[in-house]
Every structure is written in C-alpha cells, then in structure tokens.
Amino acid sequence: MATRRLLSLFRGIRSTPPITASCSNRVIPSFLSSGSSDFGNNTRQNRNQWRLIAAILFSGQAAVFLMDEKIIAYAQDVSSNKLLSENTQGQGGNQEAYASGLQRVEDGTVVSNEHTIKWRIFTDLGRDLFSKGKLDEAGKAFESALKEARLGFGQRDPHVASSCNNLAELKRVRKKFEEAEPLYLEAISILEDSFGPHDIRVGAALHNLGQFYLAQQKLDEARSSYERALKIKARILGYNNPDYASTVHHLGRVLYLQGKEKDAEALIRESISILEDNGLGESSTCIRRMTTLSQIMLKSNRPADAEMLQRKVLHALELLKGWDSLETAKAAEALALTLQSLGNLKESRELLEKCLEVRKKIFSEDHIQVASTMLHLARLELYDSKCVPLANGKYSETGEDLIRAKELLDNSIRIMKATLIKGKRKTDHIHVALLLYLEGLDAVGLLESKRHDMQSKGTAGYPYEVEHALRECISIYNEPHLRSILVNAPDVKAQYLTCLNRLSIMIGESGDEKTRTKELTDLMATANDIKDKFLPKKNTK
C-alpha cells in the first residue's frame, strides 16, 4: 500500500512543524513523531498490556473509558478462566481474586471489604439502569458507587477514577457539564498519579475529556485533549490500531468545526483507512465515518467525490443489514439526492422508489419519513418533466410526471401538516416536520410554475393552489410555537423566507393590481409585513 501523506497538515494552525511523518505506511501527525523512540512499536507486549487494562483494571461491570463514537462504553464481560489463561501465567496469579471480580492491585494483593462489594453492586446497577434509559436512577447508583469506591479502595485508587468517569459520562449525556468536568479531571489526575502521565489509561481518559469538550463546542480544549490522547495511544497501541484511529477521527471532527476542512478530511480519511486495514471496512463504525466524510464533501460542493463514498456505504449496509433496514434506506436516499444533483435522474428515481417501499413497510403510510421520501420523489418528477412544444405554439401537458408529482406532493404535505398538529410538544420532531412542510409548500410554487411554462400565454389561469400554499405559510407565522422555531432555527427561517418570497411573487405576477380583491391585497400586505420582520433593517442614513 502506497504511503499516504498529509503534507502541511496543521501548518499555520499552531507554531508547530508540519503534522505528518511516515511510519509503516501510515499518515502520522508530526506532533506524534517527536519524543519517545518506541512510538508505533505495537509489539505483542503492548497489545497484551491493552487487553489486560481493558479486562482487569475496570474489572467485571465497571465502565471503561470511551473508545469510540458511543455515548458510554463498558468493559467486556470476561470470565475468570479466560483472564487467568491469558494474563496470570507465570505471574503467581490469584484465581480466587479474579473469580470474585475484584481488581488486582500493582503489588499483587486484592482490596476486599464491605465497601468494595457495594461499589461493584452499585456500578452494575448503574450500568443496567443507564442501558434502560433510567438516567435519574442510574445517576444515584453511580454516585453511590463513587462513594463506596472512596471508602473501600481509598481516595486516589484507580477504581475511584473509574467511578468518576462513569458519573461524568452520565452527567455529560444529561448536559450537566459544570458537574461533569471536575469528575473527568479527577479521574485523569488519579490515573496519572497511579500509572504515570503516558499510560494508556490516561490516554483513554483524555479521549473522554475531549468528547466532553466537543459536546460543548469548546474546540480548543477538545483539540488539546485529543492530541494528548493521540500521543499516548500512538506510543502504546501503534499507528494501525482501531482505538488510535478513533481519536484520529474525533480530532478530525474538531478541526472541521474549526474551519480547517482539508486537515479534517485527511484525518477522517486516515481513520477510515486504519479500520479497512484491520478488516473493519464494513463495520458500523467505518460506515458512520464514511458517511461523515461524504457529508463534508457535499458541503464543500464535491458531489462526485461524495457519490463514491455513498456507494461504498450503501453496499456495506446492504451486506450488513439488508434492504429492509432504516439505515440502508437512509443511505439510499442520501445517494439518490447526490445522483439527482449530478443529473443521474433514472438511478436516483430507482433508489427513492425502493426507499419509499422500505419505509412504508417499516412505518405506517402516514409517517414523516414516508412523507420525506415522497417529497424528494415529487421534486425529482418536477425536474424531469418535459415541456413538449406543439405545432400551434402551445405545449403538451399530458406529462404523467407532473400528475405523479402533484399526487406525491399532496400526500407529503398532508402527512407533514398532520404531524405538526400531533407533535405540538415534541420540539425536535416539529423542527424536522416544519422544515419538510415548508419545502413541500415551496414545491407547490415550483409545480405551478412548471404548469404555467407548459401552457400558452393567457391560458394558464389563476394559481389558486399557490394562493392556498401562501395562506398556509402565513398561518405558520401566526402559531406562537411554530413562530418560535422560525425565529430560533436558522435552517427553518431560511426555508420559510424562501417559500414566502416565491409564493408571494407568483401571486403578485398572476394578475393586474386593479383587479385584485381586497382580501387578496390584504394577503399580500401580510406576507410583506412578515418578510420585513425577518429581514434586517436597511440603514437609511
């Protein structure tokens, strides 16, 4: 495999040398290439050390520090026999200690008392409650586990670090950031005192801290944490390890949010390559990262590059989950929209039809995801509709594509409006439904414009459906809970103004001002008033 290089990555970001160095055909950030000479020495001893850490340090059910995109991760359940067979030969291992699920301390002794037993019980309980979504109860259990760890193992014991991390992760999920940060920092401090600042356990804790800062958009702090974690992981795990790749990926996400798109893309690509080299190219983790990278490419206006990745994602999901899966349908829809932007309407239509079939099978026919696919199909039919000139100068309007587009559009708008009425208290749900509803109303304008183009001048008639869509658009503003979303959500606000502007212009151009009814004049005035409230005031000085 040819050596992949990230020339000038991070150049100018900080006063550091270029961030790349080559090691075993891997792309290595330059801040990792300095320091200890055993960086990247992924020997059997190092790999065994990592297994021992994951299996023994936070033994039994204790939570392990986050290693990938999951919200929280736990130690694998490893039997005492397996632990002994892999890790205690020639070490004078105490089988009874491992069978009890307690941690072996560095001198080979075992701490066991009333509090350590309670620590394990509360930790197991917290994990179980967390997995069931009972976060209040899980928080109480993790708090009790931390208290018992301090009493049973001592204030600066690694078990306390584990319990601090568990509780911190829970508080992060609940967005109690001020309460979580001291717990993360205490966990790191204990691990540094216990094992040294370059230990892999410290690296894992630093990765968690980076995740914590990233959730708050504290990008400089997140980047610093991930860079420190990356140095440690490179030294212990090597440059071709999936856990090292996880931190590379997260660092790439931070750089993207900092506006360093090329650097971010290079790191995310590298994290994908590492997974592929380890036989994980079709894993759910790799699929997520390829999806992220394709979205970056689309935002940088590179649909052809994104298409290649999206095809890989769809192929992997077909193998992993089959077609009767929401994830596969979502990937198919994303690829279809990219193909539509590239002009490949035939394949785009085939994918969207398949996606619609799958979603109707999984959901009811009135589900918001079904409506979303209908809207995409309606737009595609509009783009693909043909205006055929006739000998008399008129245009043929036998187009089945417009009839199909209207049917899809009507059903989509109906479902979306019903969703808005039903989901009044579910803000996130309403946000999506409102955005799609506005896109549907805007598409009504596109449909009527297409019809107008297909008819001879003077025979198009008054666009009653556009007027109805405009009234619906204005009624959204008059609903306080929907107006609040318009004001606070930039994407919804932008779509609303686009829709309002298109529809009002079409009504304004549909006839002579002198022939307008007072009702229609008032409608236009209302639309203009709303636009004035949203648009910034012009400086008249």
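Projected label points at residue 410 and residue 528, each 7 Å from Cα along the beta carbon direction, are separated by 3.4 nanometres. Modelled spin labels at residue 151 and residue 505, positioned 7 Å past Cα toward Cβ, are 7.1 nm from each other.
Between residue 319 and residue 362, the simple spin-label model (points 7 angstrom out along Cα→Cβ) gives 2.1 nm.
Based on Cα contacts under 8 Å between residues 6+ apart, region 282-321 shows a relative contact order of 48 percent. Scoring 138-144, 320-326 by mean Cβ neighbours within 10 Å over their residues and listing the highest first yields 138-144, 320-326. Legend: calculated FRET efficiency, residue 422 to residue 179, from the Cβ-Cβ distance at R0 = 30 Å, rounded to 0.05, equals 0.25. Legend: distances between Cα atoms for 118/147; 147/233; 299/417; 132/422; pairs beyond 19 Å are 147/233; 299/417; 132/422. The residues of region 275-337 expose on average 48 square angstrom of accessible surface per residue, using a 1.4 Å probe on protein heavy atoms. Using the Cβ-Cβ distance between residue 198 and residue 401 with R0 set to 41 Å, the FRET efficiency works out to roughly 0.05.
The values are calculated or read from the model by the stated rules, or taken from the named source; none is laboratory data. Because the structure is predicted, anything quoted here is derived from the model rather than measured. A quick note on method: Cβ atoms are made from the backbone with ideal geometry, for glycine too, and the neighbour counts reach across all protein chains shown. Just so you know, the surface numbers come from the protein's heavy atoms only, side chains and all, with ligands and any DNA or RNA stripped out. Shrake-Rupley method; radii C 1.70, N 1.55, O 1.52, S 1.80 Å.
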